[in-house]
1. Charges on Cβ only, +1 for Lys and Arg, -1 for Asp and Glu, centred on the Cα centroid of the chain; of W247, A181, A29, which one is farthest towards the dipole's positive end?
2. Using DSSP to call loops (not H, G, I, E or B), can you name the chymotrypsin sites (Phe, Trp or Tyr not before Pro) in segment 237-304 whose Cβ has at most 16 other Cβ atoms within 10 angstrom?
3. Using the Kirkwood formula on the Cα atoms of segment 62-180, what hydrodynamic radius do you get, in angstrom to one decimal?
4. Assigning unit charges at the beta carbon (Lys, Arg +1; Asp, Glu -1) and nothing else, what dipole magnitude in debye, to the nearest 20, does segment 207-301 show about its Cα centre?
5. From the convex hull of the Cα coordinates of segment 217-275, what is the mean projected area in square nanometres?
6. In µm²/s, what is D for segment 247-331 at 20 °C and 1.002 mPa s, where D = kT/(6 pi eta Rh) by Stokes-Einstein and Rh is the Kirkwood radius from Cα pairs?
7. Between E225 and A129, how high is the FRET efficiency from 1/(1 + (r/R0)^6) when r is the Cβ-Cβ distance and R₀ = 30 Å? Nearest 0.05.
8. Highest GNM mean-square fluctuation, the chain, Cα pairs closer than 10 Å: which of A191, A246, A205?
Amino acid sequence: MALRTPLCNRLGIDVPIVLAPMGGAIGPATAAAVAEAGGLGMLGLSWTSLDGMRADLRATKALTDRPVGVNLVLDTDQSERLAVALDEDVRIVSFFWGDPAPYVSACHRRGALVLHTVASAAEARRSVAAGVDVIVAQGWEAGGHVWGQVATLALVPRVVDAASAAPVIAAGGIADGRGLAAVLALGAQAAWIGTAFLVAEESLAHPRYRERLIAADETETVHTELFDIGWPRAPHRALRNATVAAWEAAGRPDPGQRPGEGDVVGQRGDGSSVLRYDFDSPSFDMTGDLDAMCLYAGQGVGLITKVVPARVIMARMLAQAEATLAKLGPT
């Protein structure tokens, strides 16, 4: 059984797997590896400088000529970054955390498809009315920043029905082939996968971060707004760690009164400081108390077992999905 959906044809990919755009943890090598293996590579460039965007997009192009998209968070105006992406011939743009309507026509004029992440059927209908081409339904189980509060199993069929003719990609808690098979059965045409790719060899995640992910089980994440320096009032899901435990023990105080606030817990590769409660996760070039930093992870984290290339993650996922769906066929 070959897993290929109509959305694969529309996106120009071979298999229904989309790399979640996980900011500093995903770079050109990761996006290109997923693209080369037949999926859709994505780059999260919402806080990247314009020159940095151009460098990342050109580095990715040097590694693959297959489809790679750009994700932009709409918590701030993204007109300049969108212009850079389109000038660099990006033809798949996804938006998150805001209203995509002001950006859709600019994308369509340049021949780009527009994806938008939603957390409800009502939001899906509004997005389709605004001209969005593909809807991403993000369940509450997702790692990183989480837009809504409805679980993937309940959300995806509602969004599929609401989106009408617009195809849907399912996100949240999908970390193996059984999850991929499940969301396809719910009507989605692809899976948006993040946490599983943090342990890809091509990931920019720090080795200690990967160790924590591999050791974690499904009960070890927390949905919180705690790691807010850089992006306030933005709910997210991450692994429990000493920073979370100290805050909870102190009675969950508000920003400005939290234990260790202002502490420098590490340094980035450029020499800048990482503060406790910073929203950055540990990348390969960071040093310091990595375990105290924000360790984004979805509830599918317990299914992650080892560091392997992205193509191996995808091959195993596809084989398991095919086997799962075959078992559900006529007997």
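Since every read-out is calculated from the coordinates, none of them should be taken as a lab result. Predicted model, so just to flag it, every value in this text is computed and none were measured. Every residue, glycine as well, gets a Cβ built from its backbone with ideal geometry; the counts of neighbours run over all protein chains shown.
1. Going by the charge dipole, the pick is A181.
2. Hits after loop and neighbour filter: F284.
3. Hydrodynamic radius (Kirkwood, Cα only) of segment 62-180 equals 14.7 Å.
4. 80
5. That works out to 4.8 nm².
6. So the translational diffusion coefficient is about 129 µm²/s.
7. My answer for the efficiency is 0.50.
8. Ranking A191, A246, A205 by mean-square fluctuation puts A246 first.
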